[in-house]
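J.: Questions regarding the structure given below will be posed in turn.
Just so it is clear, none of the values below were taken in a lab; they were calculated from the coordinates. Bear in mind that the values here come from a model prediction, so they are computed numbers and not experimental data. Reconstructed Cβ throughout: ideal geometry from the backbone, glycine too, with neighbour counts over all protein chains shown.
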Amino acid sequence: MDDVIAPEARQNLIGHIEVERQLRASLDEGGLNHGWIIAGPSGIGKATLAFRIARALLDPKALTDPNSLEVPSDARVFRLVAGRAHPDLFVAQREWDEKKSRYETEIPVDKIRKLITFLNSTASGGGWRVAIIDAADDLNRNASNALLKALEEPPARTLIMLVANAPGRLIPTIRSRCRRLNLRQIKQSDIERFLDEEGVATSDDARLIASAARGRPGRALQLAANDGVEAVACVDSFFHAATSSGDFGPIAMALSGKTDQGKWALFKELVLERLSEAARVGAMGDCGAAPFSGVCVESLLDAWEKLSSLSVGGDALNLDRSQLIFAMGRDLRLSLDYRLT
């Protein structure tokens, strides 16, 4: 998404005001732990917060607000971090594979070995060395074991931040050696205002996208930049049709064109996200909201598994998209115990 600001170059953080206030107080008191897990769903602002912490540690004099980690965009440390050019910052992520035209599936041990070498080097400015792993969920087993050694015996004035979408996937010994910071969902009204201020969506479109983003400003930006309004509308129509014996034909037509690949990808993601979220809500004893009110968790999980399998398998076999949509709708009806009349 070329038109969406990357976390390292973004100056503002939406929400999480109290979290930043507490972090700033800890920083001023010199009480930051050497290892942190910044946890929360994808798009909630974890990486943006991690880079804000990094800038604050690398140049505390650049901070402008005593209650936040705000650094002006014209500050030298901001420009260096935004360009991934700061000598005392190391970022570990999955690498882009030019031959396969996709990102690698994991962060290998070699990347963590380089991180450890970095941590044991002398900081260029005599201050902190900061490492960000985004996302720590992507560490393979050997990389996780290598990271554990760095967390067990951290060099002085070093900070390792693990951005984690699913912290439960991290090995227990890593979790036990890090403080955990959980980021909560942002209010829908705040995301609507954010989208308007970013100039990517206004009015009804902003409301539709903010609702679909489920409290995640980064996800809202992704949707706004990639035909999200149309994709969300198709998802709403899909669930309505599935639960009211409606017609899937208009949805199939809207998603089957040669130029609709991006919309189709978002549609599949959002359908599975809604089913997953409904299952989580149901597991906590909530009867859920329409169209899932009263549907048992087992049925929701069954629907997720069937639609996920159709989504992945259908694309892999290059099946007709319209047929896939009708098949997904049929399986959703069966899983939720709805029947055509």
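J.: Would you mind classifying the range 1-84 by shape? Square roots of the alpha carbon gyration tensor eigenvalues, ordered a ≥ b ≥ c; an a/c under 1.5 is rounded, otherwise it is prolate if a/b is larger than b/c and oblate if not.
T.: Details: a/c = 1.69, a/b = 1.17, b/c = 1.44.
Verdict is oblate for the range 1-84.
J.: Follow-up. Under 19 Å from a point 7 Å along the Cα-to-Cβ line of SER203: which residues of the range 213-246 have their amide N that close?
T.: 224-225, 227-233
J.: Which pairs, out of LYS149/LYS187; LYS187/LYS268; LYS46/LYS111; LYS111/LYS268, put more than 29 Å between their alpha-carbon atoms? Please report the intermediate quantities before stating the final value.
T.: On the way: LYS149/LYS187 39 Å; LYS187/LYS268 24 Å; LYS46/LYS111 21 Å; LYS111/LYS268 32 Å.
Distance filter (> 29 Å) returns LYS149/LYS187; LYS111/LYS268.
J.: If each residue's Cβ is checked for other Cβ atoms within 10 Å, how do MET284, MET328, MET253 rank with the fewest at the top? Please list the in-between numbers first.
T.: Working: MET284 9, MET328 25, MET253 12.
With the fewest neighbours first, MET284, MET328, MET253 line up as MET284, MET253, MET328.
J.: Assuming 1.002 mPa s and 20 °C, estimate D for the chain with Stokes-Einstein, Rh taken as the Kirkwood radius over Cα pairs, in µm²/s. It would help to have the intermediate numbers written out before the result.
T.: Values: Rh = 22.0 Å.
Answer from the Stokes-Einstein relation: 98 µm²/s.
J.: Which of the aspartates and glutamates could a cross-linker span from LYS263 if the Cα-Cα distance has to be under 12 Å and same-chain partners fewer than 8 positions apart are dropped?
T.: Reachable aspartates and glutamates: ASP227, GLU230.
J.: Taking every pair of alpha-carbon atoms in the range 7-182, give the share separated by more than 20 Å as a whole percent. Provide the component values of the computation, followed by the final result.
T.: Details: 7789 of 15400 pairs.
So the pairs more than 20 Å apart make up 51 percent of the total in the range 7-182.
J.: Quick one: which residues, 5 or more positions from ASN182 or on another chain, have an amide H under 5 Å from its amide H? H modelled 1.01 Å from N in the peptide plane, none for Pro or chain starts.
T.: ALA39
J.: Another question, then. Any chance you could give the angle, 0 to 90 degrees and rounded to 10, that helix 46-58 forms with the longest Cα principal axis of the chain?
T.: Computed tilt is about 10 degrees.
J.: Per residue of the chain, what 222 nm ellipticity follows from adding -39500 (n - 2.57) for every DSSP H run with n ≥ 4, rounded to the nearest 500?
T.: Working: 14 runs with 172 residues, N = 341.
Mean residue ellipticity at 222 nm (helix-derived): -16000 deg cm²/dmol.
J.: A further question on this structure: Picking from LEU319, ILE5, PRO108, whose Cα lies most toward the positive end of the charge dipole for the chain (charges on Cβ: Lys, Arg +1; Asp, Glu -1)?
T.: It is PRO108.
J.: Let me ask you something else. Using the 10 angstrom Cβ neighbour count as an exposure proxy, how do ASP74, ASP315 rank, fewest first?
T.: Sorted ascending by nearby Cβ count, the order is ASP74, ASP315.
J.: Can you sort VAL109, VAL71 by how many other beta carbons sit within 10 Å, fewest first? Before the final figure, lay out each step's value.
T.: Working: VAL109 17, VAL71 25.
In increasing order of surrounding Cβ atoms, one gets VAL109, VAL71.
J.: So for the chain: antiparallel DSSP bridges make up what percent, rounded to the nearest 5?
T.: On the way: 2 of 22 bridges.
Of those bridges, close to 10 percent are antiparallel.
J.: Which value, in nm² and rounded to one decimal, describes the direction-averaged projected area of the C-alpha convex hull of the range 226-335?
T.: Details: hull surface 25.2 nm².
Spelled out: convex hull of the Cα atoms, projected over all directions, averaged, 6.3 nm².
J.: What FRET efficiency comes out for the pair THR243/LEU319, r = Cβ-Cβ distance, R0 = 22 Å, nearest 0.05? Kindly include the intermediate steps, with their values, before the conclusion.
T.: On the way: r = 24 Å, r/R0 = 1.11.
The formula returns an efficiency of 0.35 here.
J.: Determine Rg/Rh for the range 96-203; Rg is computed over alpha-carbon atoms and Rh is the Kirkwood hydrodynamic estimate from the same atoms.
T.: Numbers: Rg = 17.7 Å, Rh = 16.4 Å.
Reported Rg/Rh, Kirkwood definition of Rh: 1.08.
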